[in-house]
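The values are calculated or read from the model by the stated rules, or taken from the named source; none is laboratory data. These numbers come from a predicted model, not from an experiment. We place every Cβ from the backbone using ideal geometry, glycine too, and count neighbours over all the protein chains shown. These accessible areas exclude ligands, DNA and RNA; they are computed on the full protein's heavy atoms, side chains included. Shrake-Rupley method; radii C 1.70, N 1.55, O 1.52, S 1.80 Å.
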Amino acid sequence: MQLNPVTASLYDVSLTPLVESDREELRIAASDPALFRYWPRNMAADKWDENFDWMLKEQAAGRWILHTVRLSNGRLVGQTCYLAIRPEHKGVEIGGTWYAADVHGTQVNPACKLALLENAFACGAERVELKTDARNSRSRAAILKLGAAFEGIFRRHLLLPDGHWRDTAWFSILREEWPQVKAGLEARLVGR
């Protein structure tokens with residue numbers, strides 16, 4: 001599996017690989033601290049440059065492939081990533097995802113997931129993982145609505161910046177499940 005970054009525009013949403021020039025615009029989109037309530041990194045506004053630099057380093061090292069998410073009007077509304085890239089096992093995680101609150105429940109998440117999943121399976125993935133804090137009911141519902149299978153909870157999986165131990169809910173989509181998941185995502189998007 002040789003995973004490539006995604007450059008795609010579909011359903012009034014576009015994804016492009018993260019670059020340094022996205023720093024300030026992404027900072028503005030990330031200004032709501034509630035977006036990062038369940039994140040395993042401290043994403044406070046005064047840590048933005050440190051976090052952005054870290055993301056660029058993860059990308060340069062090949063551990064993450066980060067994408068910015070824009071609406072058709074050009075507004076940057078979030079990011080989504082490939083991470084936990086395991087070419088030797090044909091697996092990858094889609095995560096590091098957040099969107100401005102006003103685009104929650106719109107076409108943004110299903111369009112992004114459609115583009116990322118299509119690319120991952122086209123690049124040879126056999127398994128795509130998604131995970132979230134077990135307390136994050138909105139995210140868990142969105143992942144299930146994509147068509148991913150719930151696999152269970154990893155207890156005390158990550159120590160969060162506030163000292164809370166995160167239990168992580170794991171989900172996956174396998175290659176043989178992809179055609180049905182894809183059809184479901186396309187039907188959702190066409191109906192919008």
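Remarks
- Subset of the range 160-179 (residues that are touching a residue at least 60 places away in the same chain (Cβ under 8 Å) and closer than 24 Å to residue 86 by Cα): 166, 178
- Matching residues in the range 101-127 - criterion: being surrounded by 15 or more Cβ atoms within 10 Å (Cβ to Cβ) and either at positive phi or among the basic types (Lys, Arg) (or both): 113, 127
- In the range 4-36, the qualifying residues are those that are open to solvent by 40 Å² or more (accessible area, probe 1.4 Å), among the aliphatic types (A, V, I, L, M) and over 22 Å from residue 92 (Cα atoms), and the one that is modelled with the lowest pLDDT is 34.
- Each residue in the range 37-49 was checked for being open to solvent by 60 Å² or more (accessible area, probe 1.4 Å) and either modelled with pLDDT of 95 or more or within 13 Å of the chain's Cα centre (by Cα) (or both), and 1 of them qualify.
- Residues that are open to solvent by 30 Å² or more (accessible area, probe 1.4 Å), under 12 Å from the mean Cα position of the chain (by Cα) and either closer than 25 Å to residue 14 by Cβ or at pLDDT below 95 (or both) are absent from the range 169-182.
- Conditions (1) over 18 Å from the mean Cα position of the chain (by Cα); (2) under 22 Å from residue 3 (Cα atoms): number failed by residue 185: (1)
- Filter result (open to solvent by less than 60 Å² (accessible area, probe 1.4 Å) and not small (Gly, Ala, Ser)) within the range 128-156: 128, 129, 130, 131, 132, 133, 136, 143, 146
Condition check ((1) outside any strand (DSSP E or B); (2) closer than 27 Å to residue 5 by Cβ; (3) of a type in the set (A, V, I, L, M, F, W, C)) across all residues:
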{"site": "96", "(1), (2), (3)": "no, yes, no"}
{"site": "110", "(1), (2), (3)": "yes, yes, no"}
{"site": "131", "(1), (2), (3)": "no, yes, no"}
{"site": "154", "(1), (2), (3)": "no, no, yes"}
{"site": "163", "(1), (2), (3)": "yes, no, no"}
{"site": "172", "(1), (2), (3)": "no, yes, no"}
{"site": "180", "(1), (2), (3)": "yes, yes, no"}
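- Residue tally, condition open to solvent by 40 Å² or more (accessible area, probe 1.4 Å) and either of a type in the set (D, E, K, R) or over 18 Å from residue 121 (Cβ atoms) (or both), over the range 72-96: 6
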